[in-house]
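In what follows, a structure is listed as structure tokens, so that the remarks can point back to it.
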Amino acid sequence: MSLFKAASTVSLLTLVSRVTGLVRDLLMASAFGVSGLTDAFNVAFRIPNLLRRLFAEGAFSQAFVPVLAASKARDGEAATRVLIDDVATVLTWVLLATCVVGVVAAPLLVLMLASGLDRSSFEAGVLMTRWMFPYIACMSLVALSAGILNTWKHFAVPAATPVLLNLAMIAAAWWGAPWFGRLGIEPIYAMAVGVMLGGVLQLGVQVPALKRRGLLPRIGLRPARLRSAWRDAGVRQVLRLMLPALLGVGVAQLSLLINTQIASYLAAGSVTWVWYADRLMEFPTALLGVALGVVLTPQLAAAHASGDAARYSQLLDWGLRLVLLLALPCAAALLVFGTPLIATLFHHGRFAGDDVQRVALALAGYGVGLLGLVAVKVLAPGYYASLDIRTPVKIAVMVLVLTQILNAIFVPLLQHAALTLSIGLGALVNAGWLLTGLVRRGSFRPARGWGVFVAQVLGATLLMSAFLLWGARRFDWLATPALPRVGLLAAWIAGAALIYFGALAVSGVRLRQLLRR
């Protein structure tokens with residue numbers, strides 16, 4: 001399969017997910033605005049999301065996918081299916097215990113994440129955390145299913161399932177919240193119900209996809225079956241790899257936890273402003289970084305298992321060229337065109353002009369480090385695929401320390417915007433460190449032409465940025481009515497794309513060269 005085609009499939013479906021997620025956020029912004037209760041929901045929603053990124057999409061996926069791909073390449077499909085059954089059995093038992101502990105310990109979790117919330121917001125956050133905590137179980141099993149399907153090169157279903165969460169939350173905001181209000185229940189609680197419904201739906205669609213391919217895991221619920229699964233050599237290898245991966249992913253999530261804690265002590269609404277900036281930042285990081293990481297990880301693992309060092313390096317080179325080609329103009333757009341984007345998307349209903357400006361400041365902080373945030377998604381699999389998880393962990397720990405030093409310097413000056421700027425700068429350091437390590441060990445040998453390629457992309461980005469900056473200053477985006485704003489935004493984005501890709505073509509960039517098999 002063409003790597004570009006596979007990445008495009010994941011990216012396109014991820015785009016659908018992000019668009020429906022944007023609709024969800026628009027509805028929430030219009031219906032609930034920015035308040036202590038929206039802070040409470042965002043804190044409560046962030047808890048299972050933190051654990052999802054820590055366990056499901058984080059440490060578990062980083063450990064499971066390389067082991068699964070290596071087993072498939074080395075031992076054959078029959079032995080790999082036994083491994084799948086054993087891993088699913090152990091994971092299910094762990095998730096059951098985790099959910100019980102999480103529901104009971106919800107007050108402590110909210111306190112750890114946002115102790116600065118006022119009493120009513122804190123209580124609302126605890127209640128919504130208890131409602132939403134089982135979401136982590138659904139998403140961990142979804143991550144297991146996605147790892148299996150991706151290893152067998154079936155990318156569509158795992159990439160499409162996040163749409164179901166967004167649709168469930170859209171239904172909760174559109175119909176559930178007014179219904180809760182008529183019943184005398186705080187409407188924001190409907191969003192917690194929507195999250196759980198979305199988790200169940202995402203897990204549900206994985207089952208027929210796995211069953212059609214004969215890959216549906218057989219989960220053993222008896223203690224004897226658990227003991228047998230625990231002794232599987234592959235399961236033990238996944239667990240050994242998970243320990244350093246947990247530390248590495250945990251460092252990144254600890255940074256988010258600390259930032260949320262800091263934001264809860266700043267002006268009311270700070271958690272929500274950073275939340276909306278984070279949602280917009282996830283468009284390019286998911287469309288580019290996550291899509292490339294999903295496609296490259298099993299391919300890199302297979303190349304390593306077969307000892308094909310040349311292909312290993314070629315895969316990394318291909319991924320990094322795409323990162324530079326697509327992430328650099330996105331970063332420039334976030335820096336110079338944030339206010340028009342946010343005003344068009346969110347400046348409706350109870351979302352005020354001041355909120356637009358504050359989200360734009362936070363988004364600019366992410367723009368500074370977007371190239372690093374996306375590049376890490378390609379560079380880190382270069383270590384995971386060779387079963388080296390310790391090196392990225394060590395780098396992540398150092399970057400966490402750096403990020404908090406930057407917070408101490410910038411927060412008194414920039415308030416909530418300092419939190420995203422520190423993450424962005426830390427991501428640039430992280431990506432540079434990972435890249436240097438891969439080059440030094442010989443895993444990545446850059447192909448010829450990088451100097452010219454960088455100059456071509458940089459020149460095209462500068463031209464595009466000048467056009468976007470002119471558009472940002474040419475109109476009063478906050479005062480322009482909603483419908484004309486949409487038309488202006490579409491026109492300026494289309495013009496920017498034409499300028500960027502036109503400049504690339506004139507300078508000699510041949511995009512077909514990236515369509516490698």
Margin query: Only helices at least 15 Å long along their own axis, judged from Cα atoms, and with Kyte-Doolittle mean hydropathy of 1.0 or greater: name those in the chain from DSSP H.
Written below: 3-32, 77-104, 135-151, 189-212, 233-263, 291-305, 309-336, 390-414, 416-440, 450-474, 482-507
Notebook entry, point to check: Could you give the semi-axes, largest first, of the ellipsoid that matches the chain, computed as the square roots of 5 times the alpha carbon gyration tensor eigenvalues and rounded to whole Å?
Noted result: 34, 31, 21
Next item on the list: With a 1.4 Å probe and every protein chain left in place, work out the accessible area per residue of segment 90-180 in Å², rounded to a whole number.
Entry: 39 Å²
Next item on the list: Provide the packing ranking of 231-239, 385-393, i.e. peptides ordered by the mean count of other C-beta atoms within 10 Å per residue, highest first.
Entry: 385-393, 231-239
Item checked: Surface share of carbon and sulfur [accessible, 1.4 angstrom probe, percent] for the chain -> 69 percent
Checklist line | Unit charges on C-beta of K, R, D, E only; dipole of the chain, Debye | finding: 1560 debye
Next item on the list: Calculate, for segment 445-517, the solvent-accessible area per residue in square angstrom, rolling a 1.4 angstrom probe over the heavy atoms of the protein chains.
Entry: 64 Å²
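The values are calculated or read from the model by the stated rules, or taken from the named source; none is laboratory data. Here the structure is a predicted model, which means the values were calculated and not measured. Positions of Cβ are generated from backbone atoms using ideal geometry, with glycine treated the same way; all protein chains shown enter the neighbour counts. We work out accessible area using only protein heavy atoms, side chains counted, and drop any ligands, DNA or RNA first. Shrake-Rupley method; radii C 1.70, N 1.55, O 1.52, S 1.80 Å.
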